[in-house]
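Student: Attaching a single structure in structure tokens format; questions to follow.
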Amino acid sequence: MKGLGPKFLPFADAATPQLPLHRLLRLSLFQVTVGMALVLVNGTLNRIMILDLGVPAWLVALMIAIPLVFAPFRALLGFKSDTHRSLLGWKRVPYIWFGTLLQFGGLAIMPFALILLSGDTQGPPILGQFAAALAFLLVGAGMHTTQTAGLALAMDLSPPEKRPRVVAFLYVMLLIGMSVSALILGDLLTNFSQLRLIEVIQGTALTTMVLNIVALWKQEPRRPRRLIDDEPKPDFGEAWRTFMATGNWKRIFVALGLGTVGFSMQDILIEPYGGQVLGMTVAQTTALTAFFALGALVSLAIAARRLDAGANPHRLAAQGVLVGLVALTAFVFSAPVGEPLLFEVGVVALGFGSGFFAAGTLTAAMELAKASQAGLALGAWGAVGASATGGGIALGGAIRDVSATLAANGSLGEALMRTDTSYLIVYHIEIALLFATLVAIGPLVRTAGNASRQKPPQFGLADYPG
């Protein structure tokens, strides 16, 4: 591996003597498990629940949004893992381990809960709804806890000058995990049956447990008890107030929230839209997640080169929004022309735009944060983004269901009594939100452009081959 060099191993420069590449790759497995869960929850299962199990889209959207209940607490989770006092001398490992247990438990009971949710039961419907909500809640709590503490552990193990590149590497591993698992899960669920659903989801639960144990093994050094007892216990409220008092965080978070909702409302609808409107198979619609991740991966490579060259991160985020507008326009036109290829190209473009937007906003946050606030800034960025994602998913599903009912009843006019009407309404709302994001981010672009900007820390993909 060492002989290949950084030309063919683009993340080799993220490694250090304290965190060699093989150890960093092993640690990144927790991101792979998070990617598997995201694909299963946000991609594969929403198509299966809506089209194969007959669950209403609004209920599916609500279930998929439930894991985001824990999103606002990501900053607090990171802060608590910073100050955790374990008798075993660990700060991060307990949080990652309990997050893994929560994720495993949620996935273990999820297939049975979904079968009950579809109405295939002798008991009351509320039983299926409660079981499904509990399963999604456990998976969400596990994902957020594991990911937050895992990123913090990676920061602990890497020197300050390498941390941006390590964060970027772990984000790319998340995309790779999503891409690979999307293809595997799609193939395994091509011939759908309830038994196959149980096998696949519980197999994912077991894989999650195994990979996270491998990722954690001998990663965090244990601290002596005397050092733990001597460490101060800072107050989260005070740290948060100090954090918000520095920089233009409110506008950054508003732009991040609007843009994330604009990019995520269709998450619940991409696969049902492909299946119901464009006649795509389960395998084809599941592959859309891989296409999205591919677009995001390519955009990160380009973003890294531009950011390393001194590009304005706010301008980069705005350009990502523009690409997102083009992608959603492709979504809109794919229905009347009946062309799945146009839709697939739009999905790749949407991933590309979201990658630019994420890279730009994250880099801007890291530049603005003080060294002592880097973890809090990363957690706050993740909390706003994840909360906006959950809100966007729930809103998209609700608008789709209401619009579908109105269109079917003829309330929107005879010309709109079509299966694609409800989806197109959501896509047009997303376009409006992305335009609002451009308005919010505009002053940040001008302010950063007028100020002399230091060269940012490397984002992490500058040497990506090709």
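Student: Which one of the conditions (1) open to solvent by less than 40 Å² (accessible area, probe 1.4 Å); (2) modelled with pLDDT under 75; (3) among the aliphatic types (A, V, I, L, M) does ALA407 fail to meet, given that it meets all the rest?
Tutor: Of (1) open to solvent by less than 40 Å² (accessible area, probe 1.4 Å); (2) modelled with pLDDT under 75; (3) among the aliphatic types (A, V, I, L, M), only one is false for ALA407: (2).
Student: Another question, then. For segment 194-235: of the residues being open to solvent by less than 30 Å² (accessible area, probe 1.4 Å) and more than 22 Å from the chain's Cα centre (by Cα), which is modelled with the lowest pLDDT?
Tutor: Out of the qualifying residues, it is ILE228.
Student: Further question: In segment 392-404, what residues are under 26 Å from GLN319 (Cβ atoms) and open to solvent by 40 Å² or more (accessible area, probe 1.4 Å)? Explain how you work it out, then say what you get.
Tutor: In the first step, residues of segment 392-404 are kept if they are under 26 Å from GLN319 (Cβ atoms); the result is 392-393, 395-396.
The answer is LEU395, and nothing else.
Student: Restricting to segment 335-357, what's the tally of residues that are modelled with pLDDT of 85 or more and open to solvent by less than 30 Å² (accessible area, probe 1.4 Å)?
Tutor: Count: 11.
Student: Going through segment 1-45 one residue at a time, which ones are modelled with pLDDT of 70 or more and either touching a Pro at 6+ places or on another chain (Cβ under 7 Å) or among the acidic types (Asp, Glu) (or both)?
Tutor: If the condition is that a residue be modelled with pLDDT of 70 or more and either touching a Pro at 6+ places or on another chain (Cβ under 7 Å) or among the acidic types (Asp, Glu) (or both), then VAL41 is the only one that fits.
Student: Moving to a separate point now. If GLY279 passes every condition in (1) part of a helix (DSSP H, G or I); (2) at positive phi but one, which one does it miss?
Tutor: Result: GLY279 fails condition (1) only.
Student: Right, another one. Any idea which of LEU88, LEU53, LEU153 is over 18 Å from the mean Cα position of the chain (by Cα), farther than 21 Å from ILE268 by Cα, hydrophobic (A, V, I, L, M, F, W, C) and modelled with pLDDT under 75?
Tutor: Values: LEU53 fails: farther than 21 Å from ILE268 by Cα; LEU153 fails: modelled with pLDDT under 75.
Just a single option satisfies the conditions, and that option is LEU88.
Student: Which residue pairs have Cβ atoms closer than 8 Å, lie 6 or more positions apart in sequence or on different chains, and pair a first residue in segment 405-423 that is among the charged types (D, E, K, R) with a second residue that is buried (at least 17 other Cβ atoms within 10 Å of the Cβ)?
Tutor: ARG418/ALA407; ASP420/TYR273; ASP420/VAL277; ASP420/ALA335
Student: Quick check on my filter: what residues within segment 412-430 are at pLDDT 90 or above and surrounded by fewer than 17 Cβ atoms within 10 Å (Cβ to Cβ)?
Tutor: HIS428
Student: Inside segment 414-431, can you point out the residues that are closer than 16 Å to ILE268 by Cβ and among the acidic types (Asp, Glu)?
Tutor: Correct list: ASP420, GLU430.
Student: May I pose another question? Could you please find all residues in segment 328-358 being under 18 Å from VAL426 (Cβ atoms), touching a helix residue (DSSP H, G or I) at 6+ places or on another chain (Cβ under 6 Å) and among the aromatic types (Phe, Trp, Tyr)?
Tutor: PHE331, PHE343
The values are calculated or read from the model by the stated rules, or taken from the named source; none is laboratory data. It should be emphasised that the depicted structure is a prediction, and the values quoted were computed from it without experimental measurement. Quick reminder, even Gly has a Cβ in these numbers, built from the backbone with ideal geometry, and neighbours come from all protein chains shown. Remember, those area values only see protein heavy atoms, side chains included, never the ligands or the DNA or RNA. Shrake-Rupley method; radii C 1.70, N 1.55, O 1.52, S 1.80 Å.
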